Amino acid sequence: MQEKDKVEENHKKHLDRIAFYRSFGYDLEKERDFILDSSLPLAGQILEIGTGKGHFALALAKRGFSFVTIDISEEEQEFAKLNIRYLKLEKQADFRIENAERLSFPDRTFDAIFSINVFHHLQKPQDVLSEIIRLLRPGGKIVLSDFNDKGLEIINACHEHEGRKHDYFKHRLDEAKQRFIKEGFEVKEFESNAQRVLVARQGIHKQ
């Protein structure tokens with residue numbers, strides 16, 4: 001298959017996926033916009049942990065942000081690359097294959113770190129939180145979002161419809177919030193129809 005056809009076919013799958021979720025009551029694009037709006041203003045170096053198929057990467061790119069996005073799955077990230085390529089926004093996204101428990105970046109590399117719908121899957125969330133805190137510059141912010149109860153009900157129904165089981169740990173954001181407060185972060189919470197959002201801000205004095 002030629003590259004152009006591959007990009008087009010992937011984009012069709014992307015649109016079909018959005019329509020599928022919407023049919024169950026989850027507006028994927030609207031939810032990503034809500035998360036991004038909750039995080040504003042943004043400046044400096046941005047990292048996304050957990051590219052997946054690139055839904056939040058697309059939201060960032062469409063708003064004009066440049067960023068690094070990491071995932072442990074090269075196969076998953078390939079969908080994201082094709083989606084970004086469809087919009088001709090490749091220059092804004094730096095895709096890396098990394099393990100979030102042991103990231104390769106130097107300390108204090110990023111001004112904003114996002115992770116969307118990842119924490120409910122993590123076996124070692126505290127290890128990932130340690131890496132996120134290590135990488136954040138003084139004055140930076142961390143934005144974690146995951147499904148609220150309604151969102152989980154919807155996603156579970158989507159998986160069941162497809163004959164799959166959604167494996168998850170329900171209270172991972174509560175663990176993250178407690179860790180941030182312990183580390184001296186100021187934490188704000190936002191909630192949409194299906195998402196819960198934590199925005200943790202580190203004081204500029206924090207060393």
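When you scan the stretch 105-148, how many residues do you find that are at positive phi and outside any loop (DSSP other than H, G, I, E, B)? Talk me through it step by step, then tell me what you get.
Quick first cut of the stretch 105-148, residues at positive phi only: 108, 117, 139.
Still in the running and outside any loop (DSSP other than H, G, I, E, B): 139.
So the answer is 1.
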Go through the stretch 108-119 and give me each residue that's open to solvent by 10 Å² or more (accessible area, probe 1.4 Å) and touching a residue at least 40 places away in the same chain (Cβ under 8 Å). 109, 111, 116, 117, 118
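Kindly indicate which of 189, 131 is open to solvent by 40 Å² or more (accessible area, probe 1.4 Å) and in contact with a Leu (Cβ under 8 Å, 6 or more places away or on another chain).
Working: 131 fails: open to solvent by 40 Å² or more (accessible area, probe 1.4 Å).
Of the residues listed, the single one that is open to solvent by 40 Å² or more (accessible area, probe 1.4 Å) and in contact with a Leu (Cβ under 8 Å, 6 or more places away or on another chain) is 189.
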For residues that are outside any helix (DSSP H, G or I) and of a type in the set (S, T, N, Q), scanning just the stretch 22-68, find the one that is least open to solvent (accessible area, probe 1.4 Å). 51
Filter the stretch 1-17 down to the residues that are surrounded by 15 or more Cβ atoms within 10 Å (Cβ to Cβ) and touching a helix residue (DSSP H, G or I) at 6+ places or on another chain (Cβ under 7 Å), then identify the one that is nearest to residue 155 (Cα to Cα). 14
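Going by what's in this entry, would residue 179 be described as in contact with a helix residue (DSSP H, G or I) (Cβ under 8 Å, 6 or more places away or on another chain), crowded, with 16+ Cβ neighbours inside 10 Å and of a type in the set (Lys, Arg)?
On the way: in contact with a helix residue (DSSP H, G or I) (Cβ under 8 Å, 6 or more places away or on another chain): yes; crowded, with 16+ Cβ neighbours inside 10 Å: yes; of a type in the set (Lys, Arg): yes.
Against the criterion (in contact with a helix residue (DSSP H, G or I) (Cβ under 8 Å, 6 or more places away or on another chain), crowded, with 16+ Cβ neighbours inside 10 Å and of a type in the set (Lys, Arg)), residue 179 qualifies.
Before we move on, is residue 137 surrounded by fewer than 20 Cβ atoms within 10 Å (Cβ to Cβ), modelled with pLDDT of 95 or more and over 25 Å from residue 15 (Cβ atoms)? Lay out the reasoning, then the answer.
Details: surrounded by fewer than 20 Cβ atoms within 10 Å (Cβ to Cβ): yes; modelled with pLDDT of 95 or more: yes; over 25 Å from residue 15 (Cβ atoms): yes.
Yes.
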Scan the stretch 148-176 for residues that are loosely packed, with under 12 Cβ neighbours inside 10 Å and within 19 Å of residue 20 (Cα to Cα) and report the count. 6
Just a yes or no: is a residue in the stretch 83-98 under 23 Å from residue 175 (Cβ atoms) and either open to solvent by 70 Å² or more (accessible area, probe 1.4 Å) or not β-branched (Val, Ile, Thr) (or both)? yes
Here are the criteria: (1) farther than 24 Å from residue 102 by Cβ; (2) out of contact with any Asp or Glu (no Cβ under 9 Å at 6 or more places or on another chain); (3) not hydrophobic (A, V, I, L, M, F, W, C); (4) not in a loop (DSSP other than H, G, I, E, B). Tell me which single one residue 78 does not satisfy. (1)
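The values are calculated or read from the model by the stated rules, or taken from the named source; none is laboratory data. Because the structure is predicted, anything quoted here is derived from the model rather than measured. Neighbour counts run over all protein chains shown; Cβ positions are idealised from the backbone, glycine included. Remember, those area values only see protein heavy atoms, side chains included, never the ligands or the DNA or RNA. Shrake-Rupley method; radii C 1.70, N 1.55, O 1.52, S 1.80 Å.
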